[in-house]
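The values are calculated or read from the model by the stated rules, or taken from the named source; none is laboratory data. Given the structure is predicted, the values throughout are model-derived calculations rather than measurements. So basically every Cβ, Gly included, is an ideal-geometry build from the backbone, and we count neighbours across all protein chains shown.
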Amino acid sequence: MTAAPERRPERPALDIEAIRRDFPILQQQVHGQPLAYLDNAATSQKPAAVIEAVSRYYREDNANIHRAVHTLADRATAAYEGAREKVRRFINAGSSREVVFTRGATEAINLVAASFGQRLREGDEILVSHLEHHANIVPWQQLCERTGATLRVIPMTATGELDLADLDGLINERTRLVSVVHVSNVFGTINPVERIVEAAHAREIPVLLDGAQATPHAPVDVQSLGCDFYVFSGHKMYGPTGIGVLYGREALLETMPPYQTGGDMIRTVSFEGTEFNELPFRFEAGTPNIAGAVGLGAAVDYLEGVGLERIAAREQELLAYGTQALESVEGLSIVGTAPRKAAVLSFVVEDMHPGDMGTILDHQGVAVRTGHHCAMPAMQFLGLPGTTRASLAFYNTFEEVDRLVKALAFAREVLG
Ligand code: 7TS
């Protein structure tokens, strides 16, 4: 190992110690070591404000929404719709009619594939990229199998970026939808999605952006991105599991048939037929995850309190430090070296299997993810069975990065 990289001073505006105290789970030890939680791309930890909002909802306000006239039902409805408005503001959607609550990014994509997908015919094309999470591949592949449409793929490069050289050839008169990831969960690459939106819109083709790894890390503005759909998960942005969002442009959502059917998504039902409810309720059949939405609203409040700009700046400092620190580890190669990245560090170490390494790191109190990261096509392209991935959040510290590097050196000793 070479000399330790230079540390930049902590930004005085962000009190990391105070922030870490907001996250009860970070205070624990694992295998006798302080927990260094570096698996934030899988799911991030929850601040007490989110945990308490969910708990308070169940303790004080719980009722079903949009139906009864009693006080608790009013409060529950106000809390759920209040959360929708917070999310609308958070992504700068033009209207809360464009914010549909789902179980997560996966369900949001499945919703679009099931509903928007009904207009697909044999010979049509859906364009995704080689960098996608399985959640943005399999629903389209299944849709293509059902309809006879073809799945086309924007290629990737060895650096974990999109190869857009032939973008204008890939988007053609048969393309019905372009669906690409905003920020890669494996490599951290921030894709030039504006360029893709522009190329697709030149042919009036709608674009879905998978923002699961974007919303936790930097401000997202769906109107300035210009996308038609934007999906994300609450649990990756410090909110609860089981809640996520589909943003859809109102004019487009209006043209789409329901996804699931049942209660709450209807206006009138008789045995002669059913009239569907207005947006966004038309896409939210059944009792939704009310407490989850409330928790997501609290996560939005928390993120806005800390400030997305400050979070992005802090994470860029951690990324720069972590990149330099990992490069000093003998035999280690960082996988994914795009110039614009979120704080994701995927790597392989010569002669070491990622799975073994994950276990040894865990015994040092360092939590990382190892494997294919639900992006097997990207791994296949790189000829790798998997990587080890440290994904950082603003509450992580330079010391935790140092502990990762130390634990890696230890793993090399044990396994080497
Ligand atoms: N899209 C991207 C880019 C993701 O990273 C993930 C989850 C999903 C979609 C699916 O999100 P879900 O909340 O619906 O499951 N990514 C990861 C990961 O990188 N490690 O574990 C889950």
Checklist outcome for this item: Note: among R121, R152, just one is touching a strand residue (DSSP E or B) at 6+ places or on another chain (Cβ under 8 Å) and among the basic types (K, R), namely R152
Checklist entry - Which of the residues belonging to the range 362-416 are within 12 Å of the ligand (Cβ to nearest atom) and assigned to a helix (DSSP H, G or I)? => result A378
Checklist entry - For the range 330-339, does any single residue satisfy the condition of being surrounded by 17 or more Cβ atoms within 10 Å (Cβ to Cβ) and closer than 19 Å to L26 by Cβ? => result no
Checklist outcome for this item: Selection over the range 323-360 where residues are among the acidic types (D, E) and free of Cβ contacts under 8 Å to residues at least 12 places away in the same chain yields a count of 1
Checklist entry - So which of A63, A4, A48, A73 ends up being more than 16 Å from the ligand (Cβ to nearest atom) and at pLDDT below 95? => result A4
Next on the checklist: surrounded by fewer than 19 Cβ atoms within 10 Å (Cβ to Cβ), touching a helix residue (DSSP H, G or I) at 6+ places or on another chain (Cβ under 8 Å), modelled with pLDDT under 95 and not in a loop (DSSP other than H, G, I, E, B): which single residue out of D356, D301 fits that description?
Outcome noted: D356
Checklist entry - Which residues, counting only those in the range 155-183, are within 13 Å of the ligand (Cβ to nearest atom) and out of contact with any Phe, Trp or Tyr (no Cβ under 7 Å at 6 or more places or on another chain)? => result V180, V181, H182, V183
Checklist outcome for this item: Over the range 54-83, the set of residues within 20 Å of the chain's Cα centre (by Cα) and free of Cβ contacts under 8 Å to residues at least 24 places away in the same chain is none
Next on the checklist: Return the residues of the range 16-43 that are closer than 16 Å to D301 by Cα and either hydroxyl-bearing (S, T, Y) or not in a loop (DSSP other than H, G, I, E, B) (or both); say none if nothing qualifies.
Outcome noted: I19
Checklist entry - Out of curiosity, is A78 in contact with a helix residue (DSSP H, G or I) (Cβ under 7 Å, 6 or more places away or on another chain), assigned to a helix (DSSP H, G or I) and modelled with pLDDT of 95 or more? => result no
Checklist entry - Among (1) on the phi > 0 side of the Ramachandran plot; (2) more than 16 Å from the ligand (Cβ to nearest atom), which single condition is Q324 missing? => result (1)
Next on the checklist: Going residue by residue through the range 398-407, is there one that turns out to be in the same structural domain as Q324 (by TED's automatic domain parsing) and closer than 21 Å to V183 by Cα?
Outcome noted: no
Next on the checklist: Filter the range 19-42 down to the residues that are loosely packed, with under 14 Cβ neighbours inside 10 Å and of a type in the set (S, T, N, Q) and list them by number.
Outcome noted: Q27, Q28, Q29
Checklist entry - How many residues, within the range 101-131, are of a type outside the set (G, A, S) and within 14 Å of the ligand (Cβ to nearest atom)? => result 12
Checklist outcome for this item: Residue set I243, I266; condition without any contact (Cβ under 8 Å) to a residue 12 or more places away in the chain, crowded, with 16+ Cβ neighbours inside 10 Å and among the aliphatic types (A, V, I, L, M); output residue I266
